[in-house]
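Written below as structure tokens is the structure these notes are about.
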Amino acid sequence: IGADVWTFTAADAVKPVLAVSTPGIDATGIALNAEVKMTFTETNNVSAGTGNITIAAGTTDVKTIAVGTASINNTDDEITVPHAAFTQYATEYTVTVPAGAFKDEAGNLTDALTWKFTTMANPAPAIAKLIPADEKDMVAAGTENFVIEFTEPVQKGASGSTAFLFEKGTGATRAALT
């Protein structure tokens with residue numbers, strides 16, 4: 001080495017820091033099948049540390065996930081947490097990641113992380129199937145029941161009956177079904 005050249009390697013002392021969380025911090029309207037993902041500031045070199053990630057609805061833990069079961073994709077710099085915890089609509093969930101859950105190549109451990117988000121409101125039931133089919137021609141009177149299948153169980157309204165509109169040609173007849 002010449003007198004004017006000095007070569008050395010600096011130690012990495014910088015902890016990986018959360019850059020992006022999915023769902024986002026304080027996000028609302030999150031689907032029940034949403035994935036929990038984290039992206040850290042250090043690229044291509046984050047690995048599992050120790051501990052358990054918890055997902056809670058309110059103050060009740062609904063899922064505990066070992067850090068080692070998280071899928072770490074260093075190509076996309078994403079960590080995906082396996083879960084099946086979002087079962088309630090319009091509910092605030094909290095994701096808690098303990099200190100040391102992840103580390104970089106130099107062994108620098110992440111700090112503890114916590115963020116919250118709220119799942120979407122329960123969608124209204126939708127019609128899944130009609131019998132006879134919509135706009136079916138030549139339905140013989142008395143040969144088929146009228147059936148409406150919904151995307152989820154439904155209950156009769158408070159009035160005790162529901163009105164449906166049946167049309168014949170250009171006229172219309174209202175009928176109450178109980």
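The values are calculated or read from the model by the stated rules, or taken from the named source; none is laboratory data. Values in this document were obtained by computation on a predicted structure and should not be read as measured data. Cβ: placed from backbone, ideal geometry, glycine included. Neighbour counts: every protein chain shown. Each accessible area value is taken on the protein alone, full model and side chains, heavy atoms only, with ligands, DNA and RNA left out. Shrake-Rupley method; radii C 1.70, N 1.55, O 1.52, S 1.80 Å.
Kirkwood Rh over alpha-carbon pairs of the range 42-92, then Stokes-Einstein at 4 °C and 1.567 mPa s: what D in µm² s⁻¹, rounded to an integer?
In µm²/s, the coefficient rounds to 105.
On alpha-carbon atoms, Rg over Rh for the range 1-124 using Kirkwood Rh?
Numbers: Rg = 18.0 Å, Rh = 15.7 Å.
Here the Rg-to-Rh quotient is 1.14.
Carbon and sulfur atoms: what percent of the 1.4 Å accessible area of the range 1-159 do they account for? Before the final figure, lay out each step's value.
Numbers: 5350 of 10140 Å².
C and S atoms contribute 53 percent here.
Using only the alpha carbons of the range 3-67, determine the length spanned along each of the three principal axes and report them from longest to shortest in whole angstroms.
64, 25, 18
Take the Cβ-Cβ distance between residue 114 and residue 137 as r, set R0 to 45 Å, and report the resulting FRET efficiency rounded to the nearest 0.05.
On the way: r = 60 Å, r/R0 = 1.33.
Once the sixth-power term is evaluated, E becomes 0.15.
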